[in-house]
Amino acid sequence: MNTNPVQSIPFDVTIHTELPSYSALQGVGGACYYDNCGVQGIVIYRKSIDEFVAFDRQSPASQTKCAYPLMIDSKNMLQLKDSCTGAKFSLYDGSIVSGSNFGLRQYQTTWNGSNLLRVYN
């Protein structure tokens, strides 16, 4: 049985995309970090006008918790990189690009169609 090694920590947050910290989410293809939930914070990506995805920034490739959360790869903005192991993951769907046996832990999202994004598990 393949169980994602990233712990599932319950949370429920609402993000106001009009705030400067989250303005990248106003356009398709935008991404931002939110540090107050999940194991090492979350990363949120806007896939389309009304579809968002959110993933934990804790890498499932690390045997122990890496001191650094996953970061958007500066060489490929659609990938997240684990600076401890070199593993890479798709920001689009959380799948493995290289270096891991598990994809990213994904969280649920609900968009109100205007300016509020709910992320929860």
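Every read-out reported here was derived from the displayed coordinates using simple, explicitly stated rules and does not represent laboratory data. Because the structure is a prediction, the values reported are computed rather than measured. Neighbour counts are summed over all protein chains in view; Cβ atoms, including those assigned to glycine, are modelled from backbone coordinates with ideal geometry.
A few notes on this one:
- Extreme residue, positive dipole direction of segment 10-72, given options Ile49, Tyr33, Leu19 (C-beta unit charges): Tyr33
- Charge dipole (debye, nearest 20) of the chain; +1 at Cβ of Lys and Arg, -1 at Cβ of Asp and Glu: 260 debye
- Computed FRET value (nearest 0.05) for Arg118 with Thr3, which takes r as the C-beta separation and R₀ as 30 Å: 0.70
- Label-to-label distance, Asp73 versus Phe11, with points set 7 angstrom from Cα along the beta-carbon direction: 2.4 nm.
- Each peptide in 30-40, 50-60 gets a packing score, the mean of other Cβ atoms within 10 Å over its residues, and the list from highest to lowest is 50-60, 30-40.
- Label point distance in nm, Ser98-Ser48, each placed 7 Å from Cα along Cα→Cβ: 3.0 nm
- The phi-based Karplus calculation (6.51 cos²θ - 1.76 cosθ + 1.60; θ = phi - 60°) puts the 3J(HN,Hα) values of segment 69-81 at x, 4, 10, 5, 5, 5, 8, 8, 5, 9, 10, 9, 10 Hz, whole numbers, x for Gly and Pro.
- The GNM of the chain, with springs linking C-alpha atoms under 10 angstrom apart, assigns the highest mean-square fluctuation among Ser83, Ser100, Ser74 to Ser74.
- Unpaired Cys in the chain, meaning no second Cys C-beta under 4.7 Å: Cys32, Cys37.
- 20 Å Cα-Cα reach of Lys47 towards lysines, excluding residues that sit fewer than 8 places from it in its own chain: Lys75, Lys81, Lys88
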